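Working notes, structure below.
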Amino acid sequence: MADKNDRRTTDHSDGEDQGTREDRGYLNTLAAVAIAPSGTGDEMSEYVAQVVGVIRDSGLRNETNAMFTNIEGDLDDVLKLVRDATLKLASQGYRTGVTLKLDIRPGFRDQMERKPELVDEILSKQGD
């Protein structure tokens, strides 16, 4: 049995590098989440900043873009963080909308970086 901290790159039958695999007890999860209040007017940046602050303080890997904040971690940790970030607004009495997309990939890590790298590798081969 592999050590729980064993990290290795796997090579699948199609020859495509799929990322880093490790212990199957860890459920790697990528989340794209948008959390915002309803009925607060046209500008929501102040509210979104509160939510992003909770996410950034969590210690989980994350990145924010114009539409979503992406989070990577174990499924349980990601879901708890989405709940905590949602409660940042809901506990203030705001009706809060959550858009959430999850990609759960058991045994993998570092997919937030690896997925774009893989696309770039494929595109660079197409350009040759």
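Given the structure, is A32 modelled with pLDDT of 50 or more and surrounded by 10 or more Cβ atoms within 10 Å (Cβ to Cβ)?
Details: modelled with pLDDT of 50 or more: yes; surrounded by 10 or more Cβ atoms within 10 Å (Cβ to Cβ): yes.
For A32, the condition - modelled with pLDDT of 50 or more and surrounded by 10 or more Cβ atoms within 10 Å (Cβ to Cβ) - is met.
Considering each of G59, G53, G39, G25 in turn, give the residue that is surrounded by fewer than 16 Cβ atoms within 10 Å (Cβ to Cβ), at pLDDT 95 or above and assigned to a loop (DSSP other than H, G, I, E, B).
The conditions single out G59.
List, please: which pairs have Cβ atoms under 8 Å, are six or more places apart or on different chains, and start with a residue in region 82-98 that is within 20 Å of I71 (Cβ to Cβ) and end with one that is modelled with pLDDT under 95?
Pairs that qualify, where the first residue is within 20 Å of I71 (Cβ to Cβ) and the partner is modelled with pLDDT under 95, are T96/S38; G97/S38.
Here are some conditions: (1) modelled with pLDDT of 95 or more; (2) assigned to a helix (DSSP H, G or I). K115 meets all but one. Which one does it not meet?
The number of the failed condition is (1).
I'd like the residue in region 62-104 that is of a type in the set (K, R) and outside any helix (DSSP H, G or I) and, out of all such residues, is farthest from P116 (Cα to Cα). So that I can check it myself, show each step before the final result.
So the first thing to find is which residues in region 62-104 are of a type in the set (K, R), and the list is 80, 83, 88, 95, 101.
Filter again for outside any helix (DSSP H, G or I), leaving 95, 101.
Values: R95: 34, K101: 17 Å.
Among them, the one singled out is R95.
The values are calculated or read from the model by the stated rules, or taken from the named source; none is laboratory data. Model, not experiment: these values are computed from the prediction. All Cβ positions, even for glycine, are placed from backbone atoms using ideal geometry, and neighbour counts span all protein chains on display.
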